[in-house]
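Visitor: Encoded as structure tokens, here's the structure I'll be asking about.
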Amino acid sequence: MLQPLRQSQRPRTTNVAVPPPIGGLNTRDSVDAMAPEDAILLDNFFPTTGKVTLREGYASHATNVGSGDVKTLVEHHAGDTRKLLAIGSNGTLYDVTGGGSSPTSLKTGLNSAIAQTAEFDGKTIFVTGNDTPFTFDGSSASDASITLSDSSSVSSLNGVHVFKNRVYYWRGTDQNFYYSATVNTFQGNFTVFPLGRVANFGGDLLMVTTLTQDGGEGIDDLIAFVMTSGEVIVYTGSDPSDANNFSLVGTFRIAEPVPHVRAAIKLGGDVAVVTKEGIIAMSSVFRSATIAQKAQALSEKIRGSFIDQVASTGDQFGWELFLSPNGDKMIANYPTGSTAAPYEQFVFNPVIGAWCRFTGITAFAWGKYDGEVYFGGASGTVYKFSKDSLSDAGNVIQADCRTAFNYFGDRNRVKNFSYVQPFLESEGTLTISTAMSTDFNERFVSFATSTFDTSGATW
């Protein structure tokens, strides 16, 4: 005879809320160990406080910036003068501030469309590694008159940095940098400083950056020289010609950085650098060994996918770190190795420490102008990346999210799901497809695709 189930075995029905994936993308942990607020896949959804939002779209801002890929985009900002500048594939520097199809040519005949820049004394300094360094003063561009103490060619200079009113140049193919004999000048005589006499692990000088730290008697700026070997050589002081003024703080190690000078960004007083072990905050070099830095990497939560990507395309052009003007997004641009979608972006929300991935954005270079975000695209086009753009240059923004699996507080109980009700907010037409999987597998139960036009209502 059938017996009634014991009370503990009787099925019961309850409603359980699943949090939005504000923990962001997680490619580090196993699927059975992720927090419920994490996501196995998070493409074109950006995690913010309490919710995830569809990323911004983009629209054409300027065309005919050459005919090929736009690989340099920079804001000139001196006083009240602000300009958005771009270098086209035809070796021409353009003013694209006003947008449109007829950008203003400022300088022609450049041998490289890839430039590094620095702002100094009302001017933007450009170096390309293949051209004489030049400046833009807000209205015109002109070559700089520079003499190097070792008589090497100034056209080979490929890096520029300003530290305590002094300009530093380097070429990235040796261990030297060059500094001006006097402050407050970007041209004239520059003296070679051979870092090879200090470096312990070899490598070429890849980048020069400024670190800010509390030196015990107040905040102090330090200058850091990052070698391709992963060695970081840190100095204090402002005059490399004076050994009593320019003193070595120490040499430190990080994982080998990707060999691209743009793959670093200033974050407050810190500096983030893309390395073979992820994105490392430079301040960690003062506190821990290389092994410990791996666990402290800003990209630790997406460690699996990030390190794999560096291993795959780390030597290709396109690696860049970019911080949005309002500081809510750190964009790690990277080449995919695919011709169909050559570039994608890992995107970090520094406020809540969460990651996601942006797809469908072929960006060769990122830049900002007047508080807005822009990127250089293919076919001589500069795009504006904005929340006002509800599409990708007319194409639908396709987003995908796969939340972490959830035990719903009980690993032992067998569960039967009767319905799923997502909650979204839309400001226009929204088409969604919903599916569900269980038991950590790839088999999905799909629900009907639905289209809504709610104009701001929550459903």
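The values are calculated or read from the model by the stated rules, or taken from the named source; none is laboratory data. Just so it is clear, the model here is predicted, and its values are computed rather than measured. FYI the Cβ positions are ideal-geometry reconstructions off the backbone, even for glycines, and counts take in every protein chain you see. Please note that ligands, DNA and RNA were not included when accessible areas were found on the heavy atoms of the full protein model with its side chains. Shrake-Rupley method; radii C 1.70, N 1.55, O 1.52, S 1.80 Å.
Visitor: Within the range 17-39, track down each residue that is closer than 16 Å to Arg357 by Cβ and open to solvent by 40 Å² or more (accessible area, probe 1.4 Å). Spell out how you get there, then give the answer.
Guide: Of the residues in the range 17-39, the ones closer than 16 Å to Arg357 by Cβ are 21-28, 38-39.
Within the range 17-39, Ile22, Thr27, Arg28 qualify.
Visitor: Restricting to the range 103-151, what's the tally of residues that are open to solvent by 20 Å² or more (accessible area, probe 1.4 Å), in contact (Cβ under 8 Å) with a residue 60 or more places away in the chain and aliphatic (A, V, I, L, M)?
Guide: Residues that pass the stated criteria total 1.
Visitor: Continuing with the same structure: Identify the residue in the range 302-333 that is under 16 Å from Ala281 (Cβ atoms) and under 15 Å from the mean Cα position of the chain (by Cα) and, among all such residues, is most open to solvent (accessible area, probe 1.4 Å).
Guide: Step one: list which residues in the range 302-333 are under 16 Å from Ala281 (Cβ atoms), which gives 302-303, 306, 321, 323, 327, 330, 332.
Keeping just the survivors that are under 15 Å from the mean Cα position of the chain (by Cα) gives 302, 306, 321, 323, 327, 330, 332.
Details: Ile302: 0, Phe306: 1, Leu321: 7, Leu323: 44, Gly327: 26, Met330: 2, Ala332: 1 Å².
Checking each candidate, the answer is Leu323.
Visitor: If I filter the range 376-408 down to residues being of a type in the set (Val, Ile, Thr) and outside any loop (DSSP other than H, G, I, E, B), which single residue comes out as surrounded by the most Cβ atoms within 10 Å (Cβ to Cβ)? Walk me through how you get there before you give the answer.
Guide: Within the range 376-408, the subset of a type in the set (Val, Ile, Thr) is 381-382, 396-397, 403.
Remaining after also requiring outside any loop (DSSP other than H, G, I, E, B): 382, 403.
Numbers: Val382: 25, Thr403: 19.
Here the answer is Val382.
For (1) at negative phi; (2) more than 27 Å from the chain's Cα centre (by Cα); (3) surrounded by fewer than 18 Cβ atoms within 10 Å (Cβ to Cβ), each residue gets a yes or a no:
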site: Gly172; (1), (2), (3): no, no, no
site: Ala181; (1), (2), (3): yes, yes, yes
site: Leu206; (1), (2), (3): yes, no, no
site: Asp242; (1), (2), (3): yes, yes, yes
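Visitor: Kindly evaluate Val154 against the criterion of being of a type outside the set (S, T, N, Q) and open to solvent by 40 Å² or more (accessible area, probe 1.4 Å).
Guide: On the way: of a type outside the set (S, T, N, Q): yes; open to solvent by 40 Å² or more (accessible area, probe 1.4 Å): no.
Against the criterion (of a type outside the set (S, T, N, Q) and open to solvent by 40 Å² or more (accessible area, probe 1.4 Å)), Val154 does not qualify.
Visitor: How many residues are farther than 15 Å from Phe46 by Cα and in a strand (DSSP E or B) if we restrict to the range 332-375? Let's see the steps before the verdict.
Guide: Pass one, the range 332-375, residues farther than 15 Å from Phe46 by Cα: 333-343, 362-375.
From what's left, in a strand (DSSP E or B): 333-335, 343, 365-369, 372-375.
Matching residues across the range 332-375 total 13.
Visitor: Now a separate question. Quick one: how many residues across the range 203-222 are modelled with pLDDT of 95 or more and of a type in the set (A, V, I, L, M, F, W, C)?
Guide: Residues meeting the conditions: 4.
Visitor: Arg262 versus (1) open to solvent by 10 Å² or more (accessible area, probe 1.4 Å); (2) under 30 Å from Trp366 (Cβ atoms); (3) modelled with pLDDT under 95: which is the lone unmet condition?
Guide: (3)
Visitor: If we only count strands (runs of 3 or more DSSP E) wholly inside the range 9-116, which ones have 2 or more residues that are of a type in the set (Asp, Glu)? Break it down stepwise before answering.
Guide: Values: elements: 38-43, 45-48, 51-54, 57-62, 72-78, 81-87, 93-95, 104-107.
Passing ranges, in order: 38-43.
Visitor: Residues Phe190, Phe201, Phe186: which one is hydrophobic (A, V, I, L, M, F, W, C) and touching a helix residue (DSSP H, G or I) at 6+ places or on another chain (Cβ under 9 Å)? Reasoning before the result, please.
Guide: Details: Phe201 fails: touching a helix residue (DSSP H, G or I) at 6+ places or on another chain (Cβ under 9 Å); Phe186 fails: touching a helix residue (DSSP H, G or I) at 6+ places or on another chain (Cβ under 9 Å).
None of the other options fit; the residue is Phe190.
Visitor: Here are the criteria: (1) open to solvent by 50 Å² or more (accessible area, probe 1.4 Å); (2) under 16 Å from Thr191 (Cα atoms). Tell me which single one Lys164 does not satisfy.
Guide: Condition (2) is where Lys164 drops out.
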